[in-house]
Amino acid sequence: MSDNVYSVTKLVGTSKKSIEDAIENAIATASQTLKNLDWFEVKETRGYIEDSKVAYYQVTLEIGFRYDRKD
């Protein structure tokens with residue numbers, strides 16, 4: 001096992017269904033352009049209320065990804 005180098009980026013995912021969907025939306029979208037996604041951490045959870053009901057969930061998370069090494 002070699003030493004790794006990671007980067008951390010902040011994402012905001014949204015969903016009309018659930019907090020879990022908001023997280024999965026953010027990760028799925030990030031994985032389209034970022035490689036080697038290894039972990040995530042939820043930093044904030046918010047929502048938007050419309051007509052006295054939850055209209056959508058918003059989750060801010062940090063996601064860690066590993067840089068490719070050229071050994």
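The values are calculated or read from the model by the stated rules, or taken from the named source; none is laboratory data. Just so it is clear, the structure is predicted and the values come from calculations on it, not from any experiment. Neighbour counts run over all protein chains shown; Cβ positions are idealised from the backbone, glycine included. In case anyone asks, the SASA skips ligands and DNA or RNA and just uses the protein heavy atoms, side chains included. Shrake-Rupley method; radii C 1.70, N 1.55, O 1.52, S 1.80 Å.
Placing a pseudo-label 7 Å from each Cα along the Cα-to-Cβ vector at LYS17 and THR33 gives an inter-label distance of 2.4 nm. Per residue, the accessible area of the chain comes to 77 Å² when a 1.4 Å probe rolls over the protein heavy atoms. Legend: Rg and Dmax of the chain, from Cα coordinates, 15.0, 57 Å. Positive end of the dipole of the chain (Cβ unit charges, origin at the Cα centre): among THR33, GLY47, VAL5, the Cα lying farthest that way belongs to THR33. Applying 1/(1 + (r/R0)^6) with R0 = 35 Å to the Cβ-Cβ distance of THR9 and GLU50 gives a FRET efficiency near 0.75.
Rounded to the nearest 10 degrees, the inclination of helix 19-30 to the longest alpha-carbon principal axis of the chain is 40 degrees.
Accessible surface of the chain, 1.4 Å probe: 47 percent of it comes from carbon and sulfur atoms. Here the calculated FRET efficiency for LYS70 and GLU41, from their Cβ-Cβ distance with R0 = 22 Å, stands at 0.20, rounded to the nearest 0.05. Based on DSSP H segments of at least four residues, each scored -39500 (n - 2.57), the chain has a per-residue ellipticity at 222 nm of -5000 deg cm²/dmol.
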